[in-house]
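See below for the structure under consideration.
The values are calculated or read from the model by the stated rules, or taken from the named source; none is laboratory data. None of the values given here were measured: they were computed from a predicted structure. Because the Cβ atoms are built from the backbone with ideal geometry, glycine has one as well, and the counts that use them run over all protein chains shown. Please note that ligands, DNA and RNA were not included when accessible areas were found on the heavy atoms of the full protein model with its side chains. Shrake-Rupley method; radii C 1.70, N 1.55, O 1.52, S 1.80 Å.
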Amino acid sequence: MTDTRERAAVEREIRSMIAEAARLDDTVVAGLPADTDLFGPEIGLTSLAGVTLLGRIDRRYGVDVAALDLSLDSLQSIATLTDFVAAHLQSH
């Protein structure tokens, strides 16, 4: 699998996790631009939903975002979260 295909697979799965955590339809989140803010009006992730999302990412990928990104900059958008997880998967 190429890096681009692997990143795309990670993004699809993370979008699904975001939809589940935010209680949105998968197709809605799948259709959003990658730069959509996770805590913005389109997704509206709450702090509790954010914790749930990070737990799912840790269980699925073994990437503890909260421990590795203390400023949580990776939670800005779908793209920043995907890039962060994908980068840590490549480095391990």
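Quick one: accessible area per residue over the chain, 1.4 Å probe, rounded to a whole number of Å²?
On the way: 5340 Å² over 92 residues.
Solvent-accessible surface per residue comes out at 58 Å².
Here the accessible area of the chain is 53 percent carbon and sulfur, with a 1.4 angstrom probe and all protein chains present.
Rounded to the nearest 20 Debye, what is the dipole magnitude of the chain about its Cα centre when Lys and Arg each give +1 and Asp and Glu each give -1 at the C-beta?
Numbers: 8 positive and 15 negative charges, 53 e Å.
In total the dipole reaches around 260 debye.
For SER77, nonlocal amide neighbours, meaning residues 5 or more places apart or on other chains whose placed amide H falls under 5 Å from its own, are LEU38. The computed Cα Rg over 2.2 N^0.38 Å for the structure shown corresponds, within (1) 0.98; (2) 1.16; (3) 1.28, to (1).
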